[in-house]
Structures are given as structure tokens and as C-alpha cells.
Amino acid sequence: MAVSITDNDGDDDFAESHEINVTPFIDVMLVLLIIFMVAAPLSTVDLPIDLPTSTAMPQKKPDKPTYVSIKPDLGLAIGETPVKRINLVQELDALPDMSKDKYVFLRADRVVPYGELMGVMEILRAGGYTRVKLVALEGAPAAPAAPQSELAKP
């Protein structure tokens, strides 16, 4: 708010102004918008997992996906929070925005044995989480493999 610095003798040049200057507010909003635009892609799961590649058509992800990760040391994590295998279903149930009809995105490192992956899927299924999607890196389509009969020829 502007204030007069001299006596106001009927001269309205320095009278109080009752208008809000919105320029600083706009500047602050633009800075916040830029910060959120930069920070939004960084808010994904940051566990270092070497995912296998897939040539499947990418599907749209939900706004807040729930990731269950199997690390190379066979430890489990929900998002970035480590959990014990025995507590996996209880921890998923405790999440505020999780329900049994939402998808669980399962990430496994390339070195994780297939049996371990299936074991975690069985734990999820037994806990009522039947909607599981496997996560892989997007890759280029590979050349079709040769039939098994052609590989056996000398």
C-alpha cells in the first residue's frame, strides 16, 4: 500500500492507493510452477534396479502408481521403503490410497531368479492383490528368433 510522504493538502498525487499490486504474486506463481515442473519427473521411485527391456506397447500409468520392487539382494520395497516379505501385504493394506482393486506395479532386477518373482506374486495374490503389472524398460523391437528346428541342423 502506498502512503503519502508529505501533508496531504488536497493534492491527490501522493494519496493512499487501495489497489493490490499483483505483479509480485504472478512472479512468485511462475517460479513455483517452474519448480513443480522440474521436480515432478524426479518424484518417481529411485531404487537402483536394472530392469529388463520389453518391446510391448507402453500403457498409460495411473497418477499415483504403487511400486513393489525386488532388489538384486532379493529384498523388497514399496516405493522406496524397504519391507520384509512377511509384512508385504500388511504394508500395502496400510497405504492410505491403496485398495485391492488398484494395480500393483511389480519391478524386479534383471538378476532376480524367476522363482523369487513368482514367490512375490504369490504373496500378493494370497493377500488379495490380484491386479499386478510387471514393469520393464521400453526397448526397440528385436528380430524374430529362429525356430528351434533350424537351430538343431548341422
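Every number here is computed from the coordinates shown, using simple stated rules; none is lab data. Everything numeric in this text was worked out from a predicted model, so none of it was measured.
Prolate is the label for region 81-140, because a/c, from the alpha-carbon gyration tensor with a ≥ b ≥ c as root eigenvalues, is 1.5 or above and a/b exceeds b/c. One decimal place: the segment residue 55-residue 105 gains 16.2 nm when fully extended, by the rule 0.36 nm per residue minus the C-alpha distance. Label region 54-97 by shape, choosing from rounded, prolate and oblate, from the square roots a ≥ b ≥ c of the eigenvalues of the Cα gyration tensor; if a/c is under 1.5 it is rounded, and otherwise prolate applies when a/b is larger than b/c, oblate when it is not. Taking the square roots of the gyration eigenvalues as a ≥ b ≥ c, region 54-97 is oblate.
The slack between residue 132 and residue 21, meaning 0.36 nm per residue of separation minus the straight C-alpha distance, is 34.7 nm.
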